[in-house]
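Here the structure comes first, spelled out in structure tokens, and everything after it is commentary.
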Ligand SMILES: Nc1ncnc2c1ncn2[C@@H]1O[C@H](COP(=O)(O)OP(=O)(O)OP(=O)(O)O)[C@@H](O)[C@H]1O
Ligand SMILES: [Mg+2]
């Protein structure tokens, strides 16, 4: 689905990430860990084409990112649901429309999708927030909404950057079960997180791999923490 | 819940969706409408000016017909000889297409309005008239005058229509200036829309980033801005054109005496030309916004 081949990335002159290779296969479940500032968010951005690697090659759905036009990248992003660390909402639109935004921009908004939206909103516990504007929500509510938006197009790959950073333990369990459920349906999932408890909890639900970014490289790490 | 369903149904038409996801830009919007109205108003006047000067130049050009007259006053005995001499000089003058002496009947016809039909032209000492038609390049009037004074003492060259020539040139120039003004107004409209679009794009940078992140194509995002500015310009230009046409309509009509000033209006099918102003302004706005949007979007991931 998503392949990285000897990818390096640097924002300025210093390399942040070097020589990273990864194949995200269909149905895989990965955690992405590492100290703050190690480059987890940067790594995810590379995975959905928001950043172009300074070295190496990235393939999205069997297409070479370097060869992809801007529209190709847009279409690929519709197959990748991303939960951004900073959520990225349109503050002038009510929450329900924000969550439906991927449908709107891909021209798929239809009355049938409303059921989908309702189901997602109740999964993440936001049924009473349809008309709230994003700035009126709590941090945890925003994160749950961001997850709902990432899932609305029923993407093949789900990349979640700290999806449980601001929610209580019970809600984080609930969101994790949602992601595991989706993974069982064949979706590829990658979660960047600091939350070791979450990784431990996942162990009993799914066979997950833990990738760790440290010293600018990607290392396989055990889930037995 | 009902409201939401309706909202989502509204989103099914991609246009309304794209227009909603970009927040309204009230101030820029009003400025765009106002400026395009002003530009259209100016265009109507420049257009009326151009067309009026064009008409003037044409009608003067027709009237001139490049004709002048030589008047020969001489004692009856020398009249025939001097006329022949003048015709000979004219024959040799470069730039003279043709020259001929008017017949007594023609001369009588010219005098008739003043003296009645019974005037005995033959018995009166009236001057002989020679009509001169110049060729396209025209003759050198100073040279001709000198030769005539030397060889035909009784001849006077009367270039009764020549004085209009500089006016005709001026009218032609005025027409050109009118068209140049229209082009400049068009370019200024493009520049104004570009500035407005750039400011709207800059103000909505975060919105554009989010739209890209959730999989919107450049065409979709650009479309939201392009539609907006094109419609506003169309609206503004429509109003400006209407007001401009009204102002031209209210100009005092052509009484014959006012000449150019009262001729500042549209005639016949020329009334249709102003109708092209709003669509053309919209095309300019479309292209300007499209280019501005593509430039901004090209810089984003
Ligand atoms: N746009 C940018 N320009 C320059 N430097 C950046 C940019 N974005 C991130 N960085 C730097 O790159 C490094 C990695 O950032 P990144 O956000 O990928 O870390 P992270 O692992 O996600 O951290 P956290 O766990 O705190 O979210 C940081 O040192 C950050 O300062
Ligand atoms: Mg991060």
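The table below gives the values:
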| quantity | calculated |
| --- | --- |
| Some residue of region B:169-189 being under 30 Å from residue A:74 (Cα atoms) and crowded, with 22+ Cβ neighbours inside 10 Å | no |
| Identity of the residue in region A:4-19, assigned to a strand (DSSP E or B) and within 16 Å of ligand 2 (Cβ to nearest atom), that ends up nearest to the other protein chains (Cβ to nearest Cβ) | A:9 |
| Residue ID - nearest to the other protein chains (Cβ to nearest Cβ), chosen from residues in region A:44-60 that are more than 22 Å from residue A:186 (Cβ to Cβ) and either more than 16 Å from the chain's Cα centre (by Cα) or near ligand 2 (Cβ under 9 Å from one of its atoms) (or both) | A:52 |
| Checking residue A:26 against (1) assigned to a loop (DSSP other than H, G, I, E, B); (2) within 16 Å of ligand 1 (Cβ to nearest atom), the condition it does not meet | (2) |
| For residue A:82: the one exception among (1) within 16 Å of ligand 2 (Cβ to nearest atom); (2) free of Cβ contacts under 8 Å to residues at least 12 places away in the same chain; (3) at the interface with chain B (Cβ under 8 Å from one of its Cβ atoms) | (2) |
| Matching option when the condition is under 19 Å from the mean Cα position of the chain (by Cα) and within 7 Å of chain B (Cβ to nearest Cβ), among A:144, A:77 | A:77 |
| The listed residue being within 32 Å of the chain's Cα centre (by Cα), in a helix (DSSP H, G or I) and either within 14 Å of chain A (Cβ to nearest Cβ) or closer than 30 Å to residue A:82 by Cα (or both), out of B:165, B:227 | B:227 |
| Selection count, region B:195-215, where residues are free of Cβ contacts under 8 Å to residues at least 12 places away in the same chain and assigned to a loop (DSSP other than H, G, I, E, B) | 2 |
| Out of A:72, A:128, sole residue that is more than 18 Å from the chain's Cα centre (by Cα) and either closer than 21 Å to residue B:219 by Cα or within 16 Å of ligand 1 (Cβ to nearest atom) (or both) | A:72 |
| Residue satisfying all of: in region A:163-179; touching a residue at least 40 places away in the same chain (Cβ under 8 Å) and more than 12 Å from residue A:123 (Cβ to Cβ); farthest from the chain's Cα centre (by Cα) among these | A:165 |
| Selected residue [assigned by TED's automatic domain parsing to the domain that holds residue B:22, at pLDDT 90 or above and either surrounded by 15 or more Cβ atoms within 10 Å (Cβ to Cβ) or out of contact with any helix residue (DSSP H, G or I) (no Cβ under 7 Å at 6 or more places or on another chain) (or both)] from B:261, B:235, B:272 | B:235 |
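Table: residues versus (1) in a helix (DSSP H, G or I); (2) assigned by TED's automatic domain parsing to the domain that holds residue A:122; (3) surrounded by fewer than 20 Cβ atoms within 10 Å (Cβ to Cβ).
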residue	(1), (2), (3)
A:144	yes, yes, no
A:166	no, no, yes
A:176	yes, no, no
A:206	no, no, yes
A:213	no, no, no
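The values are calculated or read from the model by the stated rules, or taken from the named source; none is laboratory data. Not measured: the values here are computed from a predicted model. Cβ atoms come from the backbone with ideal geometry, glycine included; neighbour counts cover every protein chain shown.
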